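Data block below; observations after.
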Amino acid sequence: MSTTTLYGISNCDTIKKARNWLRDHAIDYQFHDYRKQGVDAELLQSMAAHLGWEVMLNRRGTTWRAIAEEEKSEVDEVAALRLMRASPALIKRPILAHNGQFHIAFSEQQYQEIFDPA
């Protein structure tokens with residue numbers, strides 16, 4: 001039996017779509033809310049090893065825009081993971097952990113392929 005965990009922030013619209021899809025397809029999962037449960041360095045490093053820190057870093061949100069230009073221009077993996085840990089809104093959402101793999105973003109087609117690979 002696999003363990004499935006959806007990581008994100010509960011008020012995110014994309015998270016709501018992913019949660020609805022999982023519910024509608026009767027997929028048992030756990031939801032990890034970064035704002036309520038936090039995110040530890042080990043989890044972030046594991047995600048980054050699978051997905052790449054550049055893919056995980058949300059550069060489109062207001063949290064990123066609030067960071068000083070100098071800090072943004074010098075961001076590397078260590079700095080990015082530190083920033084994501086301090087401000088989980090900087091992590092692109094959702095991240096889905098399923099069968100030992102991490103998947104980022106949400107689309108119905110993507111989730112269909114993850115849960116019903118034909």
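Between 0 and 90 degrees, rounded to the nearest ten: what's the tilt of helix 13-24 against the longest Cα principal axis of the chain?
Helix 13-24 and the main axis of the chain meet at about 20 degrees.
What does DSSP give for the chain in terms of the percent of beta bridges that are antiparallel, rounded to the nearest 5?
So the antiparallel bridges in the chain amount to around 70 percent.
Relative to the longest principal axis of the C-alpha atoms of the chain, give the angle of the C-alpha long axis of helix 77-86, reported between 0 and 90° and rounded to the nearest 10°.
70 degrees
In nm, give the distance between the simple-model label positions of Ala49 and Asp13, each being 7 Å from the Cα along the Cα-to-Cβ direction.
3.6 nm
HN-Hα J couplings of region 102-112 from phi, Karplus 6.51/-1.76/1.60, θ = phi - 60°, integer Hz, Gly and Pro as x?
Coupling constants for region 102-112: 9, 10, 10, 6, 9, 8, 4, 4, 4, 5, 4 Hz.
Tabulate in residue order the Karplus-calculated ³J(HN,Hα) for region 37-47, using 6.51 cos²θ - 1.76 cosθ + 1.60 with θ = phi - 60°, rounded to whole Hz; enter x for Gly and Pro.
Along region 37-47, the couplings run 9, x, 8, 8, 4, 5, 5, 4, 5, 5, 4 Hz.
What is the extension gain from Trp64 to Ile27, computed as 0.36 nm multiplied by their sequence separation minus the C-alpha to C-alpha distance, in nm to one decimal?
Net length gain for the segment: 10.0 nm.
What are the extents of the Cα atoms of the chain along their three principal axes, in Å, largest first?
Result for the chain: principal-axis Cα extents of 46, 26, 25 Å.
Any idea what the dipole of the chain comes to, in debye rounded to 20, about its Cα centre with Lys/Arg Cβ at +1 and Asp/Glu Cβ at -1?
Charge dipole, the chain, about its Cα centre: 440 debye, nearest 20.
What residues have an amide H closer than 5 Å to that of Asn58, excluding those fewer than 5 places away on the same chain, when H is modeled at 1.01 Å from N in the peptide plane?
Ile91, Lys92
No lab work stands behind these numbers, since they all come straight from the coordinates. These figures come from a predicted structure and were not determined experimentally. Note that each Cβ is placed from the backbone with ideal geometry, even for glycine, and that neighbours are counted across all protein chains shown.
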